[in-house]
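Read through the structure below, which is laid out as structure tokens, and then see the notes.
The values are calculated or read from the model by the stated rules, or taken from the named source; none is laboratory data. Just so it is clear, the model here is predicted, and its values are computed rather than measured. So basically every Cβ, Gly included, is an ideal-geometry build from the backbone, and we count neighbours across all protein chains shown. Keep in mind that these areas ignore ligands, DNA and RNA; they rest on the heavy atoms of the full protein, side chains included. Shrake-Rupley method; radii C 1.70, N 1.55, O 1.52, S 1.80 Å.
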Amino acid sequence: MYDMNEVIGSHDLLLVTLDTLRYDVAAELAAAGETPTLASLLPGGRWERRHTPGSFTYAAHAAMLAGFLPTPASPGLHPRPFAGTFPGSETTAAGTWTFEAADLPTGLASAGYHTVCVGGVGFFNKLTPLGSALPSLFAESHWEPGFGVTDPASLPNQFDRIADVMARLPAERRLFLLLNVASLHQPNWFYLDGATRAHGDTRASHAAALRHVDAHIGRLFELMRRPCFVIVCSDHGTAYGEDGHTGHRIGHEVVWTVPYGEFVLS
């Protein structure tokens, strides 16, 4: 575990949530060499197996933005990198950065960070009170239809907006950026060669969407300033017919088990 008390204030922070990405698919593609960009940055080239704090986007992000990131799947108490001050917390350790706020963006803002959210799925669209709840935690937030689940170019579109954000950021101001990537979420059939809408979304098209993300995500890391502490993870998985289930917001293994990785761009 990094000592986050040394990271906060000296590093920019980037949290990338690969919305709906399943751990098994991510691990298989990494082992097969099909996601070389991410594998080159993940410790040992492998995803860490973790359990999500929520089975759908809103619940998982609300928890993560309060400091409750996906928990390692192995037994035991696992110290958290960030934590709001909370009497009796058993996962706040010496290397945990604590903040006097109800959420991480507000805590980081108090530490001098400019906080930015670039949303993807509907819980970030700012079209409704619910769709505004998560973005409202940030000083600056962005969403448009071209960032959403129905646009096959959503990820490159998001990177264009991030490039604008980075160009405006004062050199002396630290940044906390949340990027919610919509590409893995249904619909994703259009990432699979030869597929049509009639074929629907499948585990194979989910994997194709991850290959698409890996092919483009290098641009994101090029845009970020150094040093930058990066967390890349899924907020939850999704089912494609396992035990008769489709989708998420259910208590199934493929939903609760997510990939996680952290590293420093230097």
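Tabulated data for the structure shown
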read-out	value
Projected area, mean over directions - the range 92-155, Cα convex hull, nm²	5.6 nm²
Nonlocal amide H pairs with Phe99, under 5 Å, H built at 1.01 Å	Ala83, Gly84, Thr85
Nonlocal amide H pairs with Gly67, under 5 Å, H built at 1.01 Å	Leu104
Contact order relative to length of the range 108-199, as percent, for alpha carbon pairs under 8 angstrom and 6 or more apart	34 percent
Cβ-based net charge around Glu34, under 13 Å, with every Lys or Arg adding one and every Asp or Glu removing one	-1
J(HN,Hα) series, the range 252-259, from Karplus relation 6.51 cos²θ - 1.76 cosθ + 1.60, nearest Hz, glycine and proline x	10, 3, 6, 8, 7, 9, 10, x
Residues with amide H under 5 Å from that of Thr202, placed H, sequence gap 5 or more	none
Relative compactness, the range 200-266, computed as alpha-carbon Rg over 2.2 N^0.38 Å	1.39
For the range 1-107: rounded, prolate or oblate by the Cα gyration tensor [a/c cutoff 1.5]	prolate
Inter-probe distance in nm under a simple model that places probes 7 Å from Cα toward Cβ, at Glu172 and His51	4.7 nm
The range 119-216: C-alpha pair distances exceeding 18 Å, %	51 percent
Net charge over other residues, Cβ less than 15 angstrom from the Cβ of Ala63 (K, R count +1; D, E count -1)	0
Percent RCO, i.e. relative contact order, over the chain, from Cα pairs under 8 Å lying at least 6 residues apart	31 percent
The range 31-182 - share of DSSP beta bridges that are antiparallel (%, nearest 5)	15 percent
Mean Cβ neighbour count within 10 Å, used as a protection proxy, ranking 225-236, 76-87, 13-24 highest first	13-24, 225-236, 76-87
Packing-based ranking, highest mean first, of 38-45, 66-73 given that Cβ atoms within 10 Å are counted	66-73, 38-45
Kirkwood-type radius of the range 46-124, with distances r between different C-alpha atoms, in Å	13.8 Å
Euclidean distance of C-alpha centroids, the range 90-145 and the range 11-25, integer Å	15 Å
Estimated [θ] at 222 nm from DSSP helical runs (n ≥ 4, -39500 (n - 2.57)) normalised by residues in the chain, nearest 500	-8000 deg cm²/dmol
Stokes-Einstein translational diffusion, the range 8-71 - Kirkwood Rh over all Cα pairs, 0.890 mPa s, 25 °C, in µm²/s	185 µm²/s
Spherically averaged projected area in nm², based on the convex hull that wraps the Cα atoms of the chain	13.9 nm²
Net dipole in debye of the chain [+1 Lys, Arg Cβ; -1 Asp, Glu Cβ; about Cα centre; nearest 20]	220 debye
DSSP beta bridges in the chain [antiparallel fraction, %, rounded to 5]	35 percent
Among Ala182, Pro227, Ala239 - extreme Cα towards positive end, dipole of the range 173-266, charges at beta-carbon	Pro227
Average accessible surface area per residue within the chain, 1.4 Å rolling probe, Å²	41 Å²
